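Asks: I'd like to ask you about the structure that follows.
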Amino acid sequence: MRFTEAEARELVGESLAAGSLDEVAALLCTRTEGWAVGLQLACLSLRAAPDALALARGISGTSRHIADFLLDEVLGHQPEALLQMLLVLALPERFCQELYTALLQEQPRGLAQTPIAEIERQGLFLVALDDEGTWYRYHHFVRDLLLFRLTETIGSEGVALLHRRCSVWFASRGLIEEAVRHALQVGDQAMAARLVEESYSALLERDEGLVRLAPLLALLPEPLIASRPRLLLACAFDCFIRWDFSAFAAMTGRVMAQLGPTNQEHIFEGADLRGDIALLEGIARFWVGDFIRAGALIEEAYQHISAARAHTYALTVTYLGGARFHCGDGGGAITFIRGHLRWADAPTSTATAMLLVGLNYINLLSGRLDQVAHDARQLSGDDPNSNRFYWCWGQYLLGRYHYERNELEAAEICFLRASGFPYNAQERVHHDSLMGLAHIALVRGEHKRAASYGHRGRVFAEERANPGLLEATAALEAVVALAQGDWASASWHVQAIDPALYTGHALWLVQARWCWAAVQIGLATPESLAEATASLARYLAEAEVAHNVYWQIRAGGLLALAHHAQGQHEAALAALGRAVSLAAPGGHIRSLVDCGPPIAALLRQLSPGNSGGPNVVRVLAAFGEGAQPPPERTASLEAPKAAGTATPGLLSKREQDILVLLAERLTDQEIAERLIIAITTVRTHTRRIYSKLEVTNRRQAISRAGELGLLEGYR
């Protein structure tokens, strides 16, 4: 940020009486090149300088030299106690009064009790991080200078001691990431490893911890992780949370390879850790379709994992229920999971939420759409801030329900809500919500909007380096290309998809295999049609064995189109008739419609005894053929708020106030004056608004807020 000479004069005028003001301001602006921090430091030194003009003339050199010079001037006039406080507080990236007291635990009591508010009162480089005046940080450049001066003052050993005190203090407050950073600053990898090993299990019990595990592990060097089985175990759990099952399988294999049969008992003492190993092995088997072996391993985990670890225990129950469902005992699986809902300690607990996700998985794949809506509504609740990780799950699943029933406006609201917390939601939930919004845009003929959502999905997938997300993005991009009749681009996009790869019975809207098959059918060459038919027949058989009704509907519809394109009329009607009969009880619409327009012609050719009744009428209506009867609903369901109604809890009250003023095109200074807060506070809240709305500037923020209805009632 650079000041003009007029702005510099105004700033200098606060520290200097009239007289030489104009000349000093002009000199300082020239020598600092308008550099804001340099001007601020100069103004602070002017307060005690006997000859302001001489001080201004003495500044020369680069910005770093200017800063060193001015910092000397400022620090040289501070009391010893305040000077020591300034230097010590430069060590942590953020600090509070309690942390400062801990850092000076061996100093005189009065020194450690010097209030940080005194530094803020004097305007000495602080940035407030909250409205309560609890957490602060320095301007980054100033912090670097103070750290250099701190090392000169107390030496590297003194700095190392302070880093260790920071690490211990942050760890005692459950702020593990910062504790690990300080341990690594002094090269104490063993301490950093122990902090992660001792905390990852606790992180799994908290909704915010479910998204904090990945950045925590990213701090550790790979050789350190590779040498410690507990860290590998934590990495395996992180892969599971992010739904990166290719990495998950590899990581689980690394855990078992390092342990070996002789080391396992020695390293993993205790039933819970043995249960964790069995659970991870079971989940790995689950996602390769070995449900019998998965069930046996997860049953072992169920016997070992303590119910006191409520979320991990609920995860075990959920996967055990899922294995039983895929083995043919769907009713028993649902009863088993619902029985544990009575055990969970509170309706909003992470354990309850995990169990509800498990029920939704079974209900969605078994075709019980109304039950999906009921449980998803219970999962999402009214307050996204109570448990954002699972609130996003609930909104996403509601979006899936409404999308499948062709209730596109309601689905759009839910997907927008679910995509509103990219760094609090499960990665695939956020990404598939973007994919859902893209599909809705395609249905409406908004190809550019669909491509925009696809681009956001790709940016997110690349940022997270998740192969599953990248493949799903490629699938969506192929669908967009198909909608525009661009077969060359569609073919290029699906080259990233391996149709033979078994990816498990996931519940996501965008499944790469369906998109790949649609492209092969559209290409309509003998080779592409033969390959699509063989693959779809295999997918259908996999779905039947796993009792996956949802996949059987989609695979059956696409298989009908593949047969039809090859002139196999009877086979096409047989495949479609079976898909229609499976779709009718749950009221599935989009699973058939999204197969493509040729489905409509085939539907009209079905025999009256296999016509699907009212549900086929709704499917045809979705193609624009005839009036659409209202979908059947359970009486207990409420429709979501209409589009444009504010998404509750996305922004805090203060953030909402600032968003409204941003929309009125007020400057940061004007907003600060209107709300009677510091301009730095305005900018802090604005950054948080941009982060929550996934934007980078005001115009994008206002546009995104309009989509989410955050400005309704304020204009």
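The values are calculated or read from the model by the stated rules, or taken from the named source; none is laboratory data. Keep in mind that this is a model prediction, so the values were computed, not measured. As a convention, Cβ positions derive from the backbone with ideal geometry for all residues, glycine included, and neighbour counts pool all protein chains shown. Note: accessible area is taken over every heavy atom of the protein model, side chains too, but ligands, DNA and RNA are not part of it. Shrake-Rupley method; radii C 1.70, N 1.55, O 1.52, S 1.80 Å.
Asks: Are any residues in segment 218-229 surrounded by 18 or more Cβ atoms within 10 Å (Cβ to Cβ) and assigned to a helix (DSSP H, G or I), and if so, which ones? Walk me through how you get there before you give the answer.
Replies: Residues of segment 218-229 that are surrounded by 18 or more Cβ atoms within 10 Å (Cβ to Cβ), as a first pass: 220, 225, 228-229.
Passing the criteria: I225, P229.
Asks: Quick check on this structure: which one of G522, G556, G504 is on the phi > 0 side of the Ramachandran plot and either crowded, with 18+ Cβ neighbours inside 10 Å or not in a helix (DSSP H, G or I) (or both)? Outline the logic, then answer.
Replies: Values: G522 fails: on the phi > 0 side of the Ramachandran plot; G556 fails: on the phi > 0 side of the Ramachandran plot.
Just one listed residue meets the conditions, G504.
Asks: Follow-up. With (1) open to solvent by less than 50 Å² (accessible area, probe 1.4 Å); (2) closer than 26 Å to E477 by Cα; (3) assigned to a helix (DSSP H, G or I); (4) not aromatic (F, W, Y) as the list, and E531 as the residue in question, which single condition is left unmet?
Replies: Against the list (1) open to solvent by less than 50 Å² (accessible area, probe 1.4 Å); (2) closer than 26 Å to E477 by Cα; (3) assigned to a helix (DSSP H, G or I); (4) not aromatic (F, W, Y), E531 comes up short only on (1).
Asks: All but one of (1) assigned to a helix (DSSP H, G or I); (2) touching a residue at least 24 places away in the same chain (Cβ under 8 Å) hold for G328; state the number of the condition that does not hold.
Replies: (1)
Asks: I want to confirm something. Restricting to segment 354-386 and keeping residues that are at pLDDT below 90 and part of a helix (DSSP H, G or I), which single residue is most open to solvent (accessible area, probe 1.4 Å)?
Replies: Going residue by residue through segment 354-386, those that are at pLDDT below 90 are 378-386.
Within this subset, residues satisfying the condition of being part of a helix (DSSP H, G or I) are 378-380.
Details: Q378: 92, L379: 18, S380: 8 Å².
Among those that are at pLDDT below 90 and part of a helix (DSSP H, G or I), it is Q378.
Asks: What is the residue count in segment 64-91 for residues that are closer than 24 Å to A52 by Cα, among the β-branched types (V, I, T) and either modelled with pLDDT of 75 or more or not in a helix (DSSP H, G or I) (or both)?
Replies: Of the residues in that region, 0 qualify.
Asks: Give the residues of segment 260-293 that are modelled with pLDDT of 85 or more and touching a Ser or Thr at 6+ places or on another chain (Cβ under 6 Å), sorted by residue number.
Replies: Applying the first criterion (modelled with pLDDT of 85 or more) to segment 260-293 yields 275-293.
Passing the criteria: L279, L280, A284.
Asks: Just need a number here: residues in segment 387-409 that are farther than 23 Å from E205 by Cβ and open to solvent by less than 20 Å² (accessible area, probe 1.4 Å). Reasoning before the result, please.
Replies: We begin by selecting, within segment 387-409, every residue farther than 23 Å from E205 by Cβ; these are 398-409.
Next, from what is left, pick out any that are open to solvent by less than 20 Å² (accessible area, probe 1.4 Å): 398-405.
The total comes to 8.
Asks: Being surrounded by 20 or more Cβ atoms within 10 Å (Cβ to Cβ) and outside any helix (DSSP H, G or I) is the filter here; which residues of segment 180-205 pass it?
Replies: Across segment 180-205, the qualifying residue is only L204.
Asks: Next question. Among the listed residues T335, T312, identify the single one that is under 22 Å from I241 (Cα atoms) and of a type in the set (S, T, N, Q). Step through it out loud before you land on a result.
Replies: Details: T335 fails: under 22 Å from I241 (Cα atoms).
Within the list T335, T312, the selection yields T312.
Asks: Could you say whether any residue in segment 417-436 is modelled with pLDDT of 95 or more, buried (at least 24 other Cβ atoms within 10 Å of the Cβ) and under 23 Å from R618 (Cα atoms)?
Replies: yes
Asks: Return yes or no: is A296 part of a helix (DSSP H, G or I), farther than 25 Å from C392 by Cα and modelled with pLDDT of 90 or more?
Replies: On the way: part of a helix (DSSP H, G or I): yes; farther than 25 Å from C392 by Cα: yes; modelled with pLDDT of 90 or more: yes.
Answer is yes for this residue.
Asks: Going through segment 414-461 one residue at a time, which ones are in contact with a His (Cβ under 8 Å, 6 or more places away or on another chain) and of a type in the set (F, W, Y)? If you could, list the steps in order and put the result at the bottom.
Replies: Taking segment 414-461 and keeping what is in contact with a His (Cβ under 8 Å, 6 or more places away or on another chain), we get 414, 418-419, 421-422, 441, 450, 457, 460-461.
Within segment 414-461, F421, F460 qualify.
Asks: Okay, moving on. Give me the residue from segment 92-135 that is of a type in the set (D, E) and touching a strand residue (DSSP E or B) at 6+ places or on another chain (Cβ under 8 Å) and, out of that set, modelled with the highest pLDDT. Explain how you work it out, then say what you get.
Replies: Within segment 92-135, the first condition is being of a type in the set (D, E), and the residues that meet it are 93, 98, 106, 118, 120, 130-132.
Add one more test, that the residue is touching a strand residue (DSSP E or B) at 6+ places or on another chain (Cβ under 8 Å), and what stays is 93, 120.
Working: E93: 90, E120: 71.
This residue is E93.
Asks: For segment 336-353, how many residues are closer than 10 Å to L315 by Cα and either at pLDDT below 80 or open to solvent by 30 Å² or more (accessible area, probe 1.4 Å) (or both)?
Replies: The qualifying residues number 0.
Asks: Now for a separate question. Any idea how many residues of segment 465-501 are closer than 30 Å to A546 by Cβ, open to solvent by 30 Å² or more (accessible area, probe 1.4 Å), in contact with a helix residue (DSSP H, G or I) (Cβ under 9 Å, 6 or more places away or on another chain) and in a loop (DSSP other than H, G, I, E, B)?
Replies: 3
Asks: If we keep just the residues of segment 230-251 that are part of a helix (DSSP H, G or I) and of a type in the set (D, E, K, R), which is surrounded by the most Cβ atoms within 10 Å (Cβ to Cβ)?
Replies: Pass one, segment 230-251, residues part of a helix (DSSP H, G or I): 230-241, 245-251.
The next check asks that each one be of a type in the set (D, E, K, R); those that pass are 230, 238.
On the way: R230: 20, D238: 25.
Taking the candidates together, the pick is D238.
Asks: Hey, another quick one. Is there any pair linking a residue in segment 207-225 that is over 24 Å from A257 (Cβ atoms) to one that is among the β-branched types (V, I, T) and modelled with pLDDT under 85, with Cβ under 7 Å and at least six apart or on different chains, and which?
Replies: Note: pairs meeting the criteria are L210/I241.
Asks: Tally time: how many residues in segment 541-553 are open to solvent by 10 Å² or more (accessible area, probe 1.4 Å) and under 18 Å from I362 (Cα atoms)?
Replies: The first filter runs over segment 541-553 and keeps only residues open to solvent by 10 Å² or more (accessible area, probe 1.4 Å), leaving 541-542, 544-545, 547, 549-550, 552.
Then keep just the ones that are under 18 Å from I362 (Cα atoms); that gives 542, 544-545, 547, 549-550, 552.
Count: 7.
Asks: Kindly indicate whether any position in segment 562-575 is more than 33 Å from the chain's Cα centre (by Cα), crowded, with 17+ Cβ neighbours inside 10 Å and within 25 Å of C327 (Cα to Cα).
Replies: Yes.
Asks: Residues being more than 25 Å from Y396 (Cα to Cα) and of a type in the set (A, V, I, L, M): count how many of those fall in segment 499-516. So that I can check it myself, show each step before the final result.
Replies: Within segment 499-516, the subset more than 25 Å from Y396 (Cα to Cα) is 499-501.
Filter once more, keeping what is of a type in the set (A, V, I, L, M): 500-501.
Total meeting the criteria: 2.
Asks: Please go through segment 142-170 and pick out each residue that is open to solvent by less than 30 Å² (accessible area, probe 1.4 Å) and under 19 Å from L99 (Cα atoms). Show your work before the answer.
Replies: Step one: list which residues in segment 142-170 are open to solvent by less than 30 Å² (accessible area, probe 1.4 Å), which gives 142, 145-146, 150, 155, 158-160, 162-163, 166-167, 169-170.
L146, L150, G158, V159, A160, L162, H163, C166, S167, W169, F170 - these are the residues of segment 142-170 that are open to solvent by less than 30 Å² (accessible area, probe 1.4 Å) and under 19 Å from L99 (Cα atoms).
Listed here are the residues, each with its yes/no results for (1) within 28 Å of the chain's Cα centre (by Cα); (2) more than 30 Å from A410 (Cβ to Cβ); (3) modelled with pLDDT of 80 or more.
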residue: L651; (1), (2), (3): yes, no, no
residue: R654; (1), (2), (3): yes, yes, yes
residue: I671; (1), (2), (3): no, yes, yes
residue: I677; (1), (2), (3): no, yes, no
residue: E694; (1), (2), (3): yes, no, no
residue: I702; (1), (2), (3): yes, no, yes
residue: L708; (1), (2), (3): yes, no, no
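Asks: Check every one of the helices (runs of 4 or more DSSP H) wholly within segment 564-617 and list those with 1 or more residues that are farther than 13 Å from R405 by Cα and modelled with pLDDT under 95.
Replies: Values: elements: 569-586, 590-593, 598-604.
Filter on segment 564-617 gives 569-586, 598-604.
Asks: A further question on this structure: Against the definition (farther than 25 Å from L210 by Cα and either in contact with a helix residue (DSSP H, G or I) (Cβ under 8 Å, 6 or more places away or on another chain) or not hydroxyl-bearing (S, T, Y) (or both)), how does H402 come out, yes or no? I'd like the intermediate steps shown before the answer.
Replies: Numbers: farther than 25 Å from L210 by Cα: yes; either in contact with a helix residue (DSSP H, G or I) (Cβ under 8 Å, 6 or more places away or on another chain) or not hydroxyl-bearing (S, T, Y) (or both): yes.
Judged against the criteria, H402 is a match.
Asks: So, G321, is that one in contact with a Cys (Cβ under 7 Å, 6 or more places away or on another chain) and open to solvent by less than 10 Å² (accessible area, probe 1.4 Å) or not? Can you show your working first?
Replies: Values: in contact with a Cys (Cβ under 7 Å, 6 or more places away or on another chain): no; open to solvent by less than 10 Å² (accessible area, probe 1.4 Å): yes.
Judged against the criteria, G321 is not a match.
Asks: Quick check on V660: is it farther than 17 Å from R698 by Cβ, modelled with pLDDT of 75 or more and assigned to a helix (DSSP H, G or I)?
Replies: Details: farther than 17 Å from R698 by Cβ: no; modelled with pLDDT of 75 or more: yes; assigned to a helix (DSSP H, G or I): yes.
So V660 does not fit the description; no.
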